[in-house]
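Inspection log for the structure reproduced underneath, given as structure tokens.
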């Protein structure tokens, strides 16, 4: 029971912190007179960087964080479990609706391939 509550709370915290970071970045960018198109592309690139980091970590075992802190590993695990599918679904739907085809293909290849690989590996 406590593990499930921990993961639910962790997923909620990851989503909340991501939303707060996006809000702060948007306010700062608008105050700096950066166009909405550049802000949109920056927000679309962040999940792609996460997908790329996850691919590099999964395929070659390269980890950017080299410490032994359990809290950092817990946050990364929660971000992988809850953040990756959320980033993939929201990003791919948004890019499809807005007809941003380059980003849509990137989301399908990096995010969709990552989720598909994870599902296949967990089944076998």
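The values are calculated or read from the model by the stated rules, or taken from the named source; none is laboratory data. Bear in mind the structure is a predicted one, so any value in this text is a computation, not a measurement. All Cβ positions, glycine included, derive from the backbone under ideal geometry; neighbour counts span all protein chains shown.
Modelled with pLDDT under 85, surrounded by 15 or more Cβ atoms within 10 Å (Cβ to Cβ) and more than 17 Å from the chain's Cα centre (by Cα), is that true of residue 26?
Answer is yes for this residue.
Being part of a helix (DSSP H, G or I), modelled with pLDDT of 85 or more and exposed (fewer than 15 other Cβ atoms within 10 Å of the Cβ), is that true of even one residue in the stretch 38-45?
Yes, the stretch 38-45 contains at least one residue that is part of a helix (DSSP H, G or I), modelled with pLDDT of 85 or more and exposed (fewer than 15 other Cβ atoms within 10 Å of the Cβ).
Looking at 80, 104, 88, can you tell me which residue is under 23 Å from residue 22 (Cα atoms), at pLDDT 80 or above and under 12 Å from the mean Cα position of the chain (by Cα)?
When all the criteria are applied, what remains is 88.
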